[in-house]
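Take a look at the structure below.
The values are calculated or read from the model by the stated rules, or taken from the named source; none is laboratory data. Remember, it's a predicted structure, so these values are computed and weren't measured experimentally. In this analysis, Cβ positions are derived from the backbone assuming ideal geometry, glycine residues included, and neighbour counts consider all displayed protein chains.
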Amino acid sequence: MAVLTQQFSDALTLIEPDADVASAIKARQAVVDALAADDQFTNWGFDPVLIGSYKRHVSIKRIKDVDVFCRLRNLPEGVGPVDLLGHTLAVLTAAFPGEDLVTLQGRSVQVTFPELDMYVDAVPARPAGGFWEIPCKDPGDGWESTNPEQLTQLSTDMNEKFDGIYVPTVKLMRQARRSLRGDSKPGGLFIECVTYWAFDEFKGEFGSQAEYFVEALEGAVRVLDRHIAGAPIENPAMPGNELRVSASYGDFIALRDAFCQAAESARRGLADDDHCEAARTFRAILGQDSLGEWVFQLPEDCESYSESRSGFAVLPGADQLPAGDSPRFG
């Protein structure tokens, strides 16, 4: 069995977005400070919290966007999504003057930081029982429920349950999705949720990162197969609610086919006694990072190894994960 422990460890290091963390903190704080200085936001009980893949520690290189969940604990009932987004837009436009720096999105207001090559989405939200409500994609349609903080907790709990292997596996799955499907939908959050349900179905533990990655690929295929056959995928953070994703039936078919091929190749690679061939297989699945570097490095004794026998091929990747339309905030 080719577990390639060092190569998987190095791959996780290569996709870690360390260089972007300081920029993400700086950009997020600038937006939070601007909103906190507004008297209306203060009266509305402004209580921001970081959400998204960065918060859940499953981001991969590069971090291009940061989500700030703007909890407004005292928002009056009469303030609707259109007015709320309008006020948020006005506050941030005044705080960040400049052409096209602040943009109204469907559910949020986006602030671009060109010098950091990054943007921040400020998502206003009001309490709604045990959940939160954010504007619908078309704010004129009202509110929709979400629970992004619960997704963070579920990720932490699953990681603890599997002794720290869940989060690294999610990173590898997100990188595989990027390598295999580029900027096609569905995006990284969807594959994270699919990986969550794959782990939820595991009957035991495995001995290496390689095995968890292979099992997660196979588990994802099973989840996708059921979904394509008509079974909804539940939002982990909102029991009983379907995971809403802006993707076509063809997108799901293409994702399932790509992951099915990858899973079959990865299973053969794991079982291969030739560790060089196995390494080439995993390298093909994980592709390249945003700088064009191979994520999965070959062992030193394999550098001059002949071309892979597996026949596994990948589509060109993309520099960043697509955001998708939903469920953007949990």
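Miscellaneous remarks
- Residue in segment 98-109 that is within 20 Å of the chain's Cα centre (by Cα) and not in a loop (DSSP other than H, G, I, E, B) present: yes
- Meets criteria (among the hydrophobic types (A, V, I, L, M, F, W, C), buried (at least 23 other Cβ atoms within 10 Å of the Cβ) and either under 14 Å from the mean Cα position of the chain (by Cα) or farther than 28 Å from residue 65 by Cα (or both)) for residue 194: yes
- Of the criteria (1) touching a Pro at 6+ places or on another chain (Cβ under 6 Å); (2) in contact (Cβ under 8 Å) with a residue 12 or more places away in the chain, which one residue 242 fails: (2)
- When residues of segment 48-65 are limited to those that are part of a strand (DSSP E or B) and touching a Gly at 6+ places or on another chain (Cβ under 9 Å), the one surrounded by the most Cβ atoms within 10 Å (Cβ to Cβ): 51
- Given (1) more than 27 Å from residue 146 (Cα to Cα); (2) surrounded by fewer than 21 Cβ atoms within 10 Å (Cβ to Cβ); (3) in contact (Cβ under 8 Å) with a residue 40 or more places away in the chain; (4) of a type in the set (Gly, Ala, Ser), index of the condition residue 11 fails: (2)
- Hits in segment 14-29 (condition: in contact (Cβ under 8 Å) with a residue 60 or more places away in the chain and surrounded by fewer than 16 Cβ atoms within 10 Å (Cβ to Cβ)): 26
- Residue within segment 218-225 that is more than 12 Å from residue 190 (Cβ to Cβ), modelled with pLDDT of 95 or more, crowded, with 20+ Cβ neighbours inside 10 Å and in contact with a Ser or Thr (Cβ under 9 Å, 6 or more places away or on another chain) present: yes
- All positions within segment 227-252 that are under 16 Å from residue 144 (Cβ atoms) and more than 20 Å from the chain's Cα centre (by Cα): 240
- Extreme residue, nearest to residue 13 (Cα to Cα), among residues of segment 278-308 that are modelled with pLDDT of 95 or more and of a type in the set (D, E, K, R): 283
- Looking across segment 197-239 at every residue that is free of Cβ contacts under 8 Å to residues at least 12 places away in the same chain and charged (D, E, K, R), the one that is farthest from residue 157 (Cα to Cα) is identified as 226.
- The residues of segment 66-93 that are outside any loop (DSSP other than H, G, I, E, B) and in contact (Cβ under 8 Å) with a residue 60 or more places away in the chain, listed by number, are 67, 69, 71, 81, 92.
- Qualifying residue in segment 261-273 (condition: closer than 14 Å to residue 176 by Cα, part of a helix (DSSP H, G or I) and touching a strand residue (DSSP E or B) at 6+ places or on another chain (Cβ under 8 Å)): no
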